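The values are calculated or read from the model by the stated rules, or taken from the named source; none is laboratory data. In this text the structure is predicted, and so the values were computed from the model without any measurement. Virtual Cβ from ideal backbone geometry, glycine too; neighbours counted across all protein chains shown. When the accessible area is computed, the model is the full protein with side chains, heavy atoms only, and any ligands, DNA or RNA have been set aside. Shrake-Rupley method; radii C 1.70, N 1.55, O 1.52, S 1.80 Å.
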Amino acid sequence: MNYQTLQWTGDACGSLRMIDQTLLPTEFKEIDCWTLEGVWEAIKVLRVRGAPAIGVAAAYGVVVGLKDHRDDDRSDFNTKLAEVAAYLASSRPTAVNLFWALDRMSSVALEHRSLSSAEVHDSLFAEAKKIEAEDRAMCAAIGQHGHVLLESGTGVLTHCNAGALATAGSGTALSVIFAAVAAGKSLRVYADETRPLLQGARLTAWELQQRDIPVTVICDNMAAQVMKEGHIQAVVTGADRIAANGDAANKIGTYGVALLAKAHNIPFYVAAPSSTFDLSLAHGDHIPIEQRAREEISNGFDRRTVPDGVDVYNPAFDVTPAALISAIITEHGLISKPTSEKVREQLKAS
Ligand code: MRU
């Protein structure tokens, strides 16, 4: 099945079409977001999710949010742009790609001070398309750089979903797997279920099945046993924000998987584009961790699984220290045993 996680339809006054990922794997449905509020809600409730995809959605969200302001005078248009960007920035706090994309969009308006509002809106539309196209290219390059790490016969564990559904292209962690398979290697993928929202079971398993790549879903608490039994030779995950020293935030549970990989002497790889790095943060303790609603845990399977009145804690991300990461795979190549110096060198050289 051919599918595109998100795509723009129409001219600069068109809409953002996306797969509603909350419905997978039982229903494949695309929705059209015609309003700014619609894009914000789609990001907030994870109809579109995954750091790079959130960035692309936010860029198009700016275009949606300003399409009724093409006839405004420039200073009103600039004020509205700041409002729209601030509103989209309030949707989710952890994936830095969201803020990176919004900053890129805002600087387009600054660069084109003498243009009319309609002309700037056209430039914003062009910039959003550019961000989308770049994301696709970054995914492909990550796959090419990363697949050399996986030999044929490898059992690969992944956590959450860092596939095509999480980007505008073929994914980050899954792009590495797709490239390895395209190079003729045979792999068996183990997908952590990824509680509480089941991105591994619902989305990663669905994507791999679409491509006929063997995949086995395990509950998150089974990873240690599956490693001990010798089924896993490599772990590959994505990231939502990587600090200057290589500490990497990703879906809750990733840190535990990295510790388990260390204990079993299994390499742990993080695949992420340069748009996921936040060099303004010296280390991962500064990365904001999204806290989500208790119902995701207490009513996760359409039934109440926690007694009323019992506290629930629901951080959506955790941070894996750089010391546990064997290599970060970016579109520019590998950063082995990441340190601040190596991260800076590679991002500077790009
Ligand atoms: O809450 P989500 O589903 O947006 O979390 C997504 C992840 O943690 C992914 O692993 C990460 O964004 C990398 S996507 C290429």
Looking at (1) within 14 Å of the ligand (Cβ to nearest atom); (2) in contact with a strand residue (DSSP E or B) (Cβ under 8 Å, 6 or more places away or on another chain); (3) of a type outside the set (D, E, K, R); (4) not in a loop (DSSP other than H, G, I, E, B), which is the only condition W206 fails? (2)
Just for region 278-293: of the residues that are in contact (Cβ under 8 Å) with a residue 60 or more places away in the chain and away from the ligand (no atom under 13 Å from the Cβ), which one is surrounded by the fewest Cβ atoms within 10 Å (Cβ to Cβ)? P288
Please work out if F77 is within 16 Å of the ligand (Cβ to nearest atom) and not in a strand (DSSP E or B). no
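Scan region 160-180 and give yes if some residue there is in contact with a helix residue (DSSP H, G or I) (Cβ under 9 Å, 6 or more places away or on another chain) and assigned to a strand (DSSP E or B), otherwise no.
yes
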Collect the residues in region 195-252 that are hydroxyl-bearing (S, T, Y) and open to solvent by less than 20 Å² (accessible area, probe 1.4 Å), keeping them in residue-number order. T204, T237
Please work out which residue is nearest to the chain's Cα centre (by Cα), limiting yourself to region 231-278 and to residues that are over 16 Å from V319 (Cβ atoms) and assigned to a loop (DSSP other than H, G, I, E, B). P273
Scanning region 82-99 residue by residue, the ones that are part of a helix (DSSP H, G or I) and open to solvent by less than 10 Å² (accessible area, probe 1.4 Å) total 4
Six or more apart or on different chains, Cβ under 7 Å: which pairs go from a residue in region 42-60 that's free of Cβ contacts under 8 Å to residues at least 24 places away in the same chain to one that's within 11 Å of the ligand (Cβ to nearest atom) and open to solvent by 10 Å² or more (accessible area, probe 1.4 Å)? Could you list them? V45/T22
List the number of the failed condition for L324; all other conditions in (1) in contact with a Phe, Trp or Tyr (Cβ under 7 Å, 6 or more places away or on another chain); (2) open to solvent by 40 Å² or more (accessible area, probe 1.4 Å) hold. (2)
Do you know which residues across region 327-350 are closer than 28 Å to H264 by Cα, in a loop (DSSP other than H, G, I, E, B) and open to solvent by 70 Å² or more (accessible area, probe 1.4 Å)? K337
Of L66, L157, the only residue that is crowded, with 24+ Cβ neighbours inside 10 Å, over 26 Å from G238 (Cβ atoms) and in contact (Cβ under 8 Å) with a residue 12 or more places away in the chain is L66
Answer yes if at least one residue in region 100-117 is within 15 Å of the ligand (Cβ to nearest atom), crowded, with 17+ Cβ neighbours inside 10 Å and in contact (Cβ under 8 Å) with a residue 24 or more places away in the chain, and no otherwise. yes
Are there any pairs with C-beta distances below 8 angstrom linking a residue in region 299-314 that is free of Cβ contacts under 8 Å to residues at least 24 places away in the same chain to a residue that is not in a loop (DSSP other than H, G, I, E, B), with the two at least 6 apart or on different chains, and if so which? R304/S298; T305/I297; T305/S298; V306/I297; V306/S298; V310/S298; V312/I297; V312/S298
Of the listed residues (L36, L24), the one being buried (at least 19 other Cβ atoms within 10 Å of the Cβ) and within 14 Å of W206 (Cα to Cα) is L24
